[in-house]
1. Report, ordered by the first and then the second residue, all pairs with beta carbons closer than 7 Å, sequence separation of six or more or different chains, a first member in segment 318-337 that is on the phi > 0 side of the Ramachandran plot, and a second member that is buried (at least 23 other Cβ atoms within 10 Å of the Cβ) and of a type in the set (Val, Ile, Thr).
2. Any residue in segment 227-242 that's among the basic types (Lys, Arg): show its pairings with residues that are at pLDDT below 95 at Cβ separation under 6 Å, as long as the two are six or more apart or on different chains.
3. Looking only at segment 25-54, count how many residues are touching a residue at least 24 places away in the same chain (Cβ under 8 Å), loosely packed, with under 14 Cβ neighbours inside 10 Å and within 15 Å of Glu8 (Cα to Cα).
4. Quick check, is Leu98 crowded, with 20+ Cβ neighbours inside 10 Å, of a type outside the set (Phe, Trp, Tyr) and either under 19 Å from Gln400 (Cβ atoms) or touching a Gly at 6+ places or on another chain (Cβ under 8 Å) (or both)?
5. Quick check, is Ile276 without any contact (Cβ under 8 Å) to a residue 40 or more places away in the chain, surrounded by 20 or more Cβ atoms within 10 Å (Cβ to Cβ) and among the β-branched types (Val, Ile, Thr)?
6. Scanning segment 1-16 for residues that are within 23 Å of Asp388 (Cβ to Cβ) and out of contact with any helix residue (DSSP H, G or I) (no Cβ under 7 Å at 6 or more places or on another chain), which turns out modelled with the highest pLDDT?
7. Please go through segment 17-46 and pick out each residue that is closer than 19 Å to Tyr76 by Cβ and either in contact with a helix residue (DSSP H, G or I) (Cβ under 7 Å, 6 or more places away or on another chain) or of a type in the set (Gly, Ala, Ser) (or both).
8. If you go through segment 6-59 one residue at a time, how many are farther than 15 Å from Leu360 by Cβ and among the β-branched types (Val, Ile, Thr)?
Amino acid sequence: MRYRHDPEGLRLPVKIDATSNGEFAPIPLAPEHHHAHRLAHEAATANARRTGLDRRSFLVSAAGVASTLLAFNDAYAAAGRRGGWFDLPREAALDGPLARSALDGREFIFDVQGHFVNPTGAWTKRLPGGARPLQMPRTQACGPSKGPGTLDYLQCIGPDEFVKDVFHDSDTDLMVLSFVPSTREGEPLTIEEAAATARVVEKLEGTHRLYIHGRVNPNQPGDLEGMDELASRHRISAWKTYTQWGPDGKGFWLDDDAGLAFIEKARKLGVRNIAIHKGLPFGRRSYEHSTCADVGRVAKRFPDVNFLIYHAGFVAGSPEGPYDPARTDGIDALVTSLAQAGLKPGANVYAELGSTWRFLMRDPDSAAHALGKLFKAVGESNVLWGTDSIWYGSPQDQIQAFRAFQVAPALREKHGYPEMTPALRAKVFGLNALPLYPVPKEVLDKHLAKDRVARDREEARERPDPTFLTHGPKTRREFMNLLAWSGA
């Protein structure tokens, strides 16, 4: 078979790298990660030879994924990280059917945080001359003309690539399109453009495969007033806000005047899901407002509103351990906020895993503690699946890694963390999102399995050719370039 992407098989199917979603500086890989990559590449060469395949054909197979995850296990264990692991039989690295039984799944997968950029949107017309926003090594190769001074490379993170990465090269069934913080004039994806993309997917018979957030920052002039139009013109499934963002660089609290006005407006308009970006600060001035101290207070005050904590309060680069009530940021701060408000598991606070799980894949100890604390604090029915893709490329590796991950019995016994069972994973992957984003029964029963998107996915999997690439910034220089054009 001839491959368009990576024909030599130089890329691994599970992407452990320094890529960020653009909201935090890329964090370099540690020695154990380089060791993991080395072991995985060595295993790919040896196992491809043993199975009679070339490297690329082996790596796009389930056995190639299993081989990679097993190599990661070995590297992490050698570094003393034994709090969790990818629970796969050794034989899966050479046995395709066995690998598929462990890594394939039929779960309903509802990703509540997805992104893409409109490469020809109005925002590009307002850029200063010579600006090259989001230009990274991956995107430099994209676009039809690749002429000097053009922005064709943005096609790499546009709607076509989005549909391929999310719906053709992963098991994702539905996704919520979310929005990045920006001024009203500088949005790289507007609600109108997102709605247009949703209509394109519907024309592909992908009925209801895309839901849409309405971005609101109540500390920005015009956003509160604009909520009426968003609710009336678009099928808003939730509001998205960034408490650490403001046009002057200063954030807000959910229970200050701006925050309370926003919540009351959401209640009045009848869209009572509020997705709140927490945990990833946008610099020193915004750090305070990125914490979860206000979450419990407003959730207690407004029991008829669902508060979806995006990133679950996680702080990238800060290892997770057992719950520490003295810690004032991260997941521990969310746990403390809920406890102080007297909110029990299963209340109106949900923890979303976008970027969080992707980063935790690098550290099985932190992954075990982070997931365990969230399941205990918000409840097993209140953890939501999100991937922050397209920044991380196709989310399939995040899905497969989550299917295989298991928390060590010693930690489960000591801290009361639950075992990662198929039933628990199925709840996180999609069942937990259904009460928040109701999906018509006919869509679940009929359209998702038989529409054109599903047929295209099956056709693609007969001759799989995923890119195994990520699209977000991977170095501090790329990250600073992103900040420069966005004005963050």
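1. Gly330/Val315
2. Lys240/Ser178; Lys240/Phe179; Lys240/His213; Lys240/Arg215
3. Counting residues in segment 25-54 that are touching a residue at least 24 places away in the same chain (Cβ under 8 Å), loosely packed, with under 14 Cβ neighbours inside 10 Å and within 15 Å of Glu8 (Cα to Cα) gives 1.
4. Values: crowded, with 20+ Cβ neighbours inside 10 Å: no; of a type outside the set (Phe, Trp, Tyr): yes; either under 19 Å from Gln400 (Cβ atoms) or touching a Gly at 6+ places or on another chain (Cβ under 8 Å) (or both): yes.
No; evaluated as a whole, the condition is false for this residue.
5. Numbers: without any contact (Cβ under 8 Å) to a residue 40 or more places away in the chain: yes; surrounded by 20 or more Cβ atoms within 10 Å (Cβ to Cβ): yes; among the β-branched types (Val, Ile, Thr): yes.
Judged against the criteria, Ile276 is a match.
6. Looking at residues that are within 23 Å of Asp388 (Cβ to Cβ) and out of contact with any helix residue (DSSP H, G or I) (no Cβ under 7 Å at 6 or more places or on another chain), I get Arg11.
7. Within segment 17-46, Ala18, Ala30, Glu32, His35, Ala36, Leu39, Ala40, Ala43, Ala44 meet the criteria.
8. Qualifying residue count, segment 6-59: 2.
The values are calculated or read from the model by the stated rules, or taken from the named source; none is laboratory data. Being a predicted model, the structure only gives us computed values, none of them experimental. Please note: Cβ atoms are built from the backbone with ideal geometry, for glycine as well, and neighbour counts cover all protein chains shown.
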